[in-house]
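**Q** One structure is given below, represented as structure tokens, and several questions about it will come after.
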Amino acid sequence: MKALVVRVHKAEVWSDNRLVSSIGGGIVVFIGIDRKDTYDSLVKIAEKVANLRIFEDDKGKLQFSVRDKNYAVMCVSNFTLCANTEKGRRPSFEKAMMPSAAEKLYNNFIMVLESKGIKVEKGIFGVHMDIKLEMDGPVNIVIEE
């Protein structure tokens, strides 16, 4: 499992010209689910996301997590994070989990975050989305299991 965590001032997910979800300050987590991933994998990543200290204190030091600041998380499924680019110029996605199984883990990931008291918004699994980010920093962190 791979998660790209993006610190934002605000974010919106649109699909078919309608607003699906939005958050103010917080993080957007793009989640790529690999064929080898398990429930244990997603729990480890969710724990890291919930407690990752990427918000500054008054001295500019990255000291606070999304939980500390009571910010929201937006989760967006993103199988392209599982891309293999070792050969050729076209990425291979054969390491990505099949959609039906991946959707189950994606929804479980969201439930684990919510169980930690985090407000979670989400994109729509498996559809094309227009994602609007107002990045804060930029601060982008890759977490891998």
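Each reported figure results from applying straightforward, stated rules to the coordinates on display, with no laboratory input. The shown structure was predicted, so the numbers you read here are calculated from the model rather than taken from an experiment. Here Cβ is always computed from backbone atoms with ideal geometry, including for glycine, and neighbour counts include all displayed protein chains.
**Q** With charges set only on the Cβ (+1 for Lys and Arg, -1 for Asp and Glu), what does the dipole of the chain come to about its Cα centre, in debye to the nearest 20?
**A** For the chain, the charge dipole is close to 180 debye.
**Q** Can you tell me the length gained on complete extension of the stretch PHE93 to GLN63, counting 0.36 nm per residue apart and subtracting the Cα distance?
**A** So the chain would gain 7.2 nm between PHE93 and GLN63.
**Q** Here's something else I'd like to know. Set the bar at 31 Å for Cα to Cα. Now go through LYS95/LYS122; LYS69/LYS95; LYS36/LYS119; LYS44/LYS69; LYS44/LYS95; LYS59/LYS104 and name every pair that lies beyond it.
**A** LYS69/LYS95; LYS59/LYS104
**Q** Can you give the extra length, in nm with one decimal, that the chain gains between MET135 and MET111 once fully stretched, where that is 0.36 nm per residue apart less the Cα-Cα distance?
**A** Net length gain for the segment: 6.1 nm.
**Q** Note the full-extension length gain between LYS36 and HIS128 as 0.36 nm times their separation in residues minus their Cα-Cα distance, in nm to one decimal.
**A** Using 0.36 nm per residue and subtracting the Cα-Cα distance, I get 30.7 nm.
**Q** OK, next. Would you please give the residues with an amide H less than 5 Å from that of MET135, counting only those at least 5 places away or on a separate chain, with H modeled from the backbone geometry?
**A** Amide H to amide H, under 5 Å and 5 or more residues apart or across chains, MET135 pairs with HIS9.
**Q** Using only Cα atoms and rounding to the nearest 10 degrees, what angle (0 to 90) does helix 99-115 make with the longest principal axis of the chain?
**A** Its long axis makes an angle of about 20 degrees.
**Q** Any idea which of ILE45, PRO91, ILE118 is furthest toward the positive side of the dipole for the chain, if Lys and Arg beta-carbons carry +1 and Asp and Glu beta-carbons -1?
**A** PRO91
**Q** Further, regarding this structure: Provide the packing ranking of 69-81, 17-29, i.e. peptides ordered by the mean count of other C-beta atoms within 10 Å per residue, highest first.
**A** Packing order, densest peptide first, comes out as 69-81, 17-29.
**Q** Then there is this: Per DSSP H run of at least 4 residues, take -39500 (n - 2.57); add these up for the chain, divide by its residues and hand me the 222 nm value, nearest 500 deg cm²/dmol.
**A** -7000 deg cm²/dmol
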